[in-house]
Amino acid sequence: MSQYTAKDFKSDQYVRWCPGCGDHAVINSIQKAMAEVGVAPDKTAVVSGIGCSSRLPYYMGTYGFHTIHGRGAAVATGLKTANPDITVWQITGDGDCLAIGGNHFIHEVRRNIDLNIILFNNQIYGLTKGQYSPTSKKGFISKSSPFGTVEEPFRPAELCFGARGTFFARALDVDLQTSVEVMVAAARHKGASVVEMLLNCVIFNDGAHKWISERETRADRTIVLRHGEKMIFGNNRDKGLVLDGFNLKVVTIGQDGITEDDILTHDAKCADNTLHMKLALMQGPDMPVAMGVIRDVDADTYEEAVARQIEEVKAKSKVKTFDDLLATCETWDM
Amino acid sequence: MANKTIIEKEEVVIRFSGDSGDGMQLTGTLFSNLSAILGNEISTFPDYPSEIRAPQGTLGGVSGFQVCLGSDKVYTPGDKADVLVAMNPAALKVNAKGVKKTGVIVVDIDCFRKTDLEKAEFATENPFEELGLSESTQIIPVPLSSMTKESLKDFGMDNKSVLRCKNMFALGFICFLFNRDVDKAIHFLENKFKKKPDILKANVKVVVDGFNYGQNIDAAVTTFRIDKSTETPKGKYTNISGNKATAWGLIAAAQKAGKELFLGSYPITPATDILHELALRKDLGVKTVQAEDEIAGICTAIGAAYAGDLAATSTSGPGLALKSEALGLAVMAEMPLVVIDVMRGGPSTGLPTKTEQTDLLQALYGRNGECPLVVVAPSTPSGCFDTAYEACRIALEHMTPVIILSDAFLGNGSSLWKLPKLADLRPITPSALPAAFDGKFNACVRNEADKVRYWAKPGDEGFMHRNGGLEKDAVKGSLSAAPVNHETMVRTRAEKVAAVAERIPMQTVEGDPDADLLVIGWGGTYGHLMSAVSAMNKAGKKVALAHFNYISPLPKNTAEIIRKYKKVVVCELNSGQFASYLRSQVENVHYNQYNKVQGQPFTVSELTECFTKLLEE
């Protein structure tokens, strides 16, 4: 049992997000997850970029650093490399992470530095009052796309896997239980953990995730994946995923002779990410949208490799101090 | 060709020049080092093209290395060369104008065939005549390529590897011209090729043969003698480049301050050597992140500073431009941070391998908002060590970003360096947690005397706080957009930087104390300005030099000094950036200007000409 409660991770600052914004739910999940993981608030740092969600550090009772647009990833990388003992959470939005900060994002994932990256995806720029984002659906109408966008959106999982990501999870803002579950898993994963939080912007993009977030239909339209468990979903827990050739297919248990044994078992630890990618890219109406920890594989982390290399070189080198370094010079007396 | 003479000189300038693959940098460095061992003052300057391997023998591919040796204080690599080694016609053509009328030109005559001349765009078959070389210039044709082949004929090496050794034949020959013991050169080669015994053997053979060749044609050659330097203070010396000295300054400061050193950097000419040097020093615990871009370079450094490290980022002009927004964050969040800008020709990609001082105003003002920070500039290659050390001290003690304006001339050039002792260096007391503190900590809790905020880092128990780029309440540290508070904070940040002036040395003036003309310079032009001022003083002219290393804030006695002189001239390798800055800092002074924006250092002669004219006006 952790000695902390969510309250230990709250600051005294008034939370200024719009009433009804998904950010409120996500910060609660983060604080609950932090309490459950049990790293002390003074050993925890929350680093963000710019955007509505990036205001989050001000509301945390931990160390917090609200940096500049898109660069939270790079600041967090420096912090974690400099002091691997600190648990670092990076808060970012779909614009911050995938537009202006896209380069830093793929590189932090590639390096597999031990950061818990919470990507708030509401498919809109909120703080600048309603422009389309890199995850807005094609044709999306916004102030900066009054006739609809003509560009394809990013799917964050593809970037994560394309950058050889070792951890990818997804949850809905309104699903507190799964949110906390994936954040705890992200915190426990050693390496870059990407958590895509699907959340609602009540002002500029209300209902963006409505198809999957409505309580009555959510169980039929989403599937929560858990390592080692069957890929079963649905209000009646009677639907499941199977492989049909090279593709995933939804089947109903009890129909056409399908039994629970036929249903795929989720292996988040599989080194090959092909199936993880397929799961992460599932979309309605034919397929459920995957939630939970989709990928969670072990790999060397950047900050540990850096520290290890330093120890290895130190062990072999005669240079221990600056004066030793001077002694390596070719010198002469004058 | 003149008969054999021995010329005694106080100072001699040698320029090695060839294709960028000819090994001229190595030849020049070896020769400089072994001259320094013999007690000469040295100053070196490599001048290389941005093309890694331009087509062989063409004008675009010429790479050069110039060294000045002296028995007296040597401030610069010299203007014109006494001796030019030209490995091919292109090297000759590019450098011919830079040779003194009475100079000596050594050429590899094997590389002066018709096709070679055509590649170097000579119209005739007599390049020497075509270049209009003075009759008093002595041309020494040496069959470098064929002699090298002959020298290595029993080594069973392929032709390409053999020809790669011809720079050593040239080195041996030059050693003879300057009466340098070839054993010393061999000693350096042994260090360089420790792990490649075959290559070592070949190089040693060629260098010795080159020396002997010189002896054999003795009768026809001028030789030089330069006495030992008597000016130099006694002690242990080495030859160090500006970029290496900068890196080592950071290392020394980290150890002195008891901090771990972190560098976030993206490769860029001519600053990359700093990244290379620090990446080597894992044995001293240095962490280097080769970032995905310039912005990540500075942002990882800011993250490391946040974690409590001595953090730095190294770059050149275009990279500094990319870092501007993050620099603003470091100012706003009051993070200690060292930013090294090894300036090159601009704007845009500009002249990536050439030197300029054109980033001064960018460093001072190139950010949004009221965004003051500290700017310092080293004077000499070895002086980069002291400036880097000072930059770290100021950053850590004053919780501010500090920009070091080095340049390509300093960074790539080298000079003698008297080895320091860590114990003798100025102590560094980084900002830390407040000693006694009973309130609630926040990012604005500061020492009211010098406005330095206290430095709490993640992991410090009980000091959790939030920091960032948004304006903060001066007292509570929470977000605030209150009008008066913002102005208070703007003023506080400015006062903090101004307070740095309390802990830096006063500005000094060198040269004639009763000067009629004060020459003002800053940064990498020191050597040329000092040489010019010394030369004029020797000729009885009343000139003095105030050379600035602390740019922002300026030393407290700056105005007092400047107002003392009848005439003032600000000399810089840009269109007048320091002059315009000084006009804003010390008003109502008539600042004359001498500016050069050619990607090249000043020459001493153009400076003395300018000063003489000003004195006569």
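The values are calculated or read from the model by the stated rules, or taken from the named source; none is laboratory data. It should be emphasised that the depicted structure is a prediction, and the values quoted were computed from it without experimental measurement. Counting neighbours? That spans all protein chains shown, and the Cβs are built from the backbone with ideal geometry, glycine included.
Odds and ends about this structure:
- Residue match in region B:79-100 (condition: in a loop (DSSP other than H, G, I, E, B), outside the structural domain of residue B:381 (by TED's automatic domain parsing) and under 18 Å from the mean Cα position of the chain (by Cα)): yes
- Test: residue in region B:139-157 that is at positive phi and in the same structural domain as residue B:95 (by TED's automatic domain parsing): yes
- Any hit, region A:50-61, residues being among the polar types (S, T, N, Q) and facing another protein chain (nearest Cβ under 7 Å): no
- Of all the numbered requirements in (1) at pLDDT 95 or above; (2) more than 30 Å from residue B:31 (Cβ to Cβ); (3) in contact with an Asp or Glu (Cβ under 8 Å, 6 or more places away or on another chain); (4) of a type in the set (Gly, Ala, Ser), residue B:456 misses one, and that requirement is (3).
- Selection within region B:573-604 - among the polar types (S, T, N, Q), over 21 Å from the mean Cα position of the chain (by Cα), farther than 22 Å from residue B:531 by Cβ and outside any helix (DSSP H, G or I): B:588
- Here residue B:476 does not fit the description of being part of a loop (DSSP other than H, G, I, E, B), touching a residue at least 60 places away in the same chain (Cβ under 8 Å) and not aliphatic (A, V, I, L, M).
- Within region B:577-614, considering residues that are among the hydroxyl-bearing types (Ser, Thr, Tyr) and crowded, with 18+ Cβ neighbours inside 10 Å, the one farthest from residue B:557 (Cα to Cα): B:603
- Residue A:16 being part of a helix (DSSP H, G or I), surrounded by fewer than 24 Cβ atoms within 10 Å (Cβ to Cβ) and within 11 Å of chain B (Cβ to nearest Cβ): no
- Region A:295-334, residues that are more than 7 Å from every other protein chain (Cβ to nearest Cβ), outside any loop (DSSP other than H, G, I, E, B), buried (at least 17 other Cβ atoms within 10 Å of the Cβ) and not hydroxyl-bearing (Ser, Thr, Tyr): A:295, A:296, A:303
- Residue list for region A:92-110, filter: within 12 Å of residue A:164 (Cβ to Cβ) and more than 10 Å from every other protein chain (Cβ to nearest Cβ): A:109
- Qualifying residue in region B:67-85 (condition: polar (S, T, N, Q), at pLDDT 90 or above and farther than 18 Å from residue B:354 by Cβ): no
Condition check ((1) in contact with a Phe, Trp or Tyr (Cβ under 6 Å, 6 or more places away or on another chain); (2) within 10 Å of chain A (Cβ to nearest Cβ); (3) farther than 21 Å from residue B:311 by Cβ) across all residues:
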{"position": "B:452", "(1), (2), (3)": "no, no, no"}
{"position": "B:461", "(1), (2), (3)": "no, yes, yes"}
{"position": "B:467", "(1), (2), (3)": "yes, yes, no"}
{"position": "B:470", "(1), (2), (3)": "no, yes, yes"}
{"position": "B:473", "(1), (2), (3)": "no, no, yes"}
{"position": "B:481", "(1), (2), (3)": "no, no, yes"}
{"position": "B:484", "(1), (2), (3)": "no, no, yes"}
{"position": "B:487", "(1), (2), (3)": "no, no, yes"}
{"position": "B:491", "(1), (2), (3)": "no, no, yes"}
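- The listed residues are B:370, B:325, and the only one of them that is part of a loop (DSSP other than H, G, I, E, B) and over 30 Å from residue B:74 (Cβ atoms) turns out to be B:370.
- Residue match in region B:354-366 (condition: crowded, with 24+ Cβ neighbours inside 10 Å, under 22 Å from residue B:424 (Cα atoms) and of a type outside the set (Lys, Arg)): no
- Flag for residue B:184 being within 14 Å of chain A (Cβ to nearest Cβ) and within 23 Å of residue B:23 (Cβ to Cβ): yes
Each row is one residue, and each column tells you yes or no for (1) in contact with a strand residue (DSSP E or B) (Cβ under 8 Å, 6 or more places away or on another chain); (2) buried (at least 23 other Cβ atoms within 10 Å of the Cβ); (3) within 11 Å of another protein chain (Cβ to nearest Cβ).
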residue: B:392; (1), (2), (3): yes, yes, no
residue: B:415; (1), (2), (3): yes, yes, no
residue: B:426; (1), (2), (3): no, no, no
residue: B:456; (1), (2), (3): no, yes, yes
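- Among the candidates B:201, B:160, B:192, residue that is basic (Lys, Arg) and exposed (fewer than 14 other Cβ atoms within 10 Å of the Cβ): B:160
- Any chance residue B:293 is surrounded by fewer than 24 Cβ atoms within 10 Å (Cβ to Cβ) and within 14 Å of chain A (Cβ to nearest Cβ): yes
- Residue ranges of helices (runs of 4 or more DSSP H) in region A:109-228 with at least 3 members in contact with a Lys or Arg (Cβ under 8 Å, 6 or more places away or on another chain) and modelled with pLDDT under 95: none
- The one condition in (1) surrounded by fewer than 22 Cβ atoms within 10 Å (Cβ to Cβ); (2) more than 10 Å from chain A (Cβ to nearest Cβ); (3) over 19 Å from residue B:342 (Cα atoms) that residue B:267 fails to fulfil: (3)
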